[in-house]
Amino acid sequence: MLSSMGKKDRNGVEEKIDRELRLREQEPRIKDKDLFEVVEEVFDRRTVLAIIELRRRKCLKTLKGVVSAGKEARVYWAKGFSNEDLAVKIYLTVTAEFRKSIWKYIRGDPRYEWIGNLPRHKLMVVWAKKEFSNLKRMYRAGVRVPRPICFYQNVLVMEFIGENGYRAPLLKELHEAGALDPSEAEDIFWEIIDDVKKIYWRAGLVHADLSEYNVMVWNNKPYIIDVSQAVRLDHPHAQSFLYKDIYNIVRFFSEDVGIDVPSADEIYKDIVEGSVEEE
């Protein structure tokens with residue numbers, strides 16, 4: 001996690017925000033202290049302007065502290081204009097390693113093959129848009145994912161899964177804390193599998209990176225997160241991605257948690273040869 005800026009740097013960002021707002025002739029003027037509670041080095045000019053635009057669109061009111069930090073993105077706790085909790089995902093930098101890691105999800109997909117040669121900041125924007133689109137398709141399909149709210153440039157705003165700035169634990173974390181009851185674990189397993197079916201049959205997608213590290217558990221219900229890499233069913237590797245998703249979940253619940261679940265082969269066959277009943 002990057003450390004917060006000092007007072008001098010905060011004032012500099014505040015002046016930059018005010019200057020940009022004057023140039024854009026937005027009223028009323030928004031002060032840094034009104035929008036940001038935590039200002040970090042990651043807020044370059046593009047990101048600052050994106051956050052200001054999202055506030056202008058009433059997508060968020062105040063950006064607070066970091067919830068989680070990764071190599072490609074950080075997730076922040078924010079507040080909306082109705083004081084609701086929000087999660088704000090900001091894509092930060094795109095390294096050569098990032099380009100390499102995402103290429104397997106792009107190659108063969110005519111919608112996105114062209115983005116491989118984009119400049120750094122534009123690639124971030126397309127990747128954020130892709131996650132927003134995937135979230136919308138899954139949410140509309142009845143999958144338990146964070147509700148997508150809006151996005152602009154490299155910033156994605158969605159429902160906050162947790163409470164008072166504390167995110168819900170990951171499935172892996174819940175298990176390591178000894179807080180995953182076997183009877184509850186079995187229910188969670190089948191709810192995840194049901195959502196995998198909905199993603200496949202209703203949303204026409206495959207998550208493509210599903211594991212115990214991107215499933216949150218809140219109020220005993222699993223929420224699937226991090227869906228930027230999800231691919232359509234016509235992707236050349238969609239079926240192998242689907243099998244790997246199922247395998248990861250089966251392995252975790254059978255080997256780590258220790259409950260009796262069907263094999264990955266059985267569940268894969270059931271999904272691809274079946275369907276999802278309309279609710």
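The values are calculated or read from the model by the stated rules, or taken from the named source; none is laboratory data. Small disclaimer: the values here were computed from a predicted structure and weren't measured. Glycine gets a Cβ as well: all are built from the backbone with ideal geometry, and neighbour counts include every protein chain shown. SASA here: full protein model, heavy atoms, side chains in, ligands and nucleic acids out. Shrake-Rupley method; radii C 1.70, N 1.55, O 1.52, S 1.80 Å.
Might you let me know whether region 183-203 holds any residue that is charged (D, E, K, R) and under 30 Å from F43 (Cβ atoms)?
No, that holds for no residue.
Quick check on this structure: which one of V66, V88 is open to solvent by 20 Å² or more (accessible area, probe 1.4 Å), modelled with pLDDT of 85 or more and not in a helix (DSSP H, G or I)?
V66
Which pairs do you get when a residue that is over 12 Å from E159 (Cα atoms), found in region 74-86, comes within reach of a residue that is in a strand (DSSP E or B) and among the hydroxyl-bearing types (S, T, Y), reach meaning Cβ atoms under 9 angstrom, with the pair 6+ apart or on two chains?
From region 74-86, the pairs are R74/S68; R74/Y91.
Out of (1) of a type in the set (D, E, K, R); (2) more than 18 Å from the chain's Cα centre (by Cα); (3) surrounded by 20 or more Cβ atoms within 10 Å (Cβ to Cβ), what's the single condition that is false for D181?
(3)
Filter region 47-60 for residues that are in a loop (DSSP other than H, G, I, E, B) and either of a type in the set (G, A, S) or buried (at least 18 other Cβ atoms within 10 Å of the Cβ) (or both) and give the result.
Within region 47-60, C59, L60 qualify.
What's the total number of residues in region 184-204 that are buried (at least 21 other Cβ atoms within 10 Å of the Cβ) and among the acidic types (D, E)?
Of the residues in that region, 1 qualify.
In region 73-85, which residue that is within 15 Å of the chain's Cα centre (by Cα) and open to solvent by less than 20 Å² (accessible area, probe 1.4 Å) is farthest from R167 (Cα to Cα)?
A73
Could you say whether any residue in region 116-125 is within 19 Å of the chain's Cα centre (by Cα), buried (at least 19 other Cβ atoms within 10 Å of the Cβ) and modelled with pLDDT of 95 or more?
No: region 116-125 contains no residue that is within 19 Å of the chain's Cα centre (by Cα), buried (at least 19 other Cβ atoms within 10 Å of the Cβ) and modelled with pLDDT of 95 or more.
Please state which of the following conditions D265 fails to meet, knowing it meets all the rest: (1) open to solvent by less than 20 Å² (accessible area, probe 1.4 Å); (2) part of a helix (DSSP H, G or I); (3) free of Cβ contacts under 8 Å to residues at least 60 places away in the same chain.
It fails just one condition, (1).
Looking at region 59-72, which of its residues are under 14 Å from the mean Cα position of the chain (by Cα) and either under 15 Å from Y152 (Cα atoms) or free of Cβ contacts under 8 Å to residues at least 60 places away in the same chain (or both)?
Once the filter is applied, which keeps residues that are under 14 Å from the mean Cα position of the chain (by Cα) and either under 15 Å from Y152 (Cα atoms) or free of Cβ contacts under 8 Å to residues at least 60 places away in the same chain (or both), region 59-72 yields G70, K71, E72.
Tally the residues that are within 20 Å of R74 (Cβ to Cβ), at pLDDT 70 or above and not in a loop (DSSP other than H, G, I, E, B), restricting the search to region 91-108.
Within region 91-108, residues that are within 20 Å of R74 (Cβ to Cβ), at pLDDT 70 or above and not in a loop (DSSP other than H, G, I, E, B) number 3.
For the structure I just gave you, tell me whether E279 is among the acidic types (D, E), closer than 17 Å to Y139 by Cα and modelled with pLDDT under 95.
Against the criterion (among the acidic types (D, E), closer than 17 Å to Y139 by Cα and modelled with pLDDT under 95), E279 qualifies.
Would you call E184 at pLDDT below 95, under 19 Å from K136 (Cβ atoms) and of a type outside the set (A, V, I, L, M, F, W, C)?
Answer is no for this residue.
If a residue must be surrounded by fewer than 19 Cβ atoms within 10 Å (Cβ to Cβ) and aliphatic (A, V, I, L, M), how many such residues does region 230-256 contain?
1
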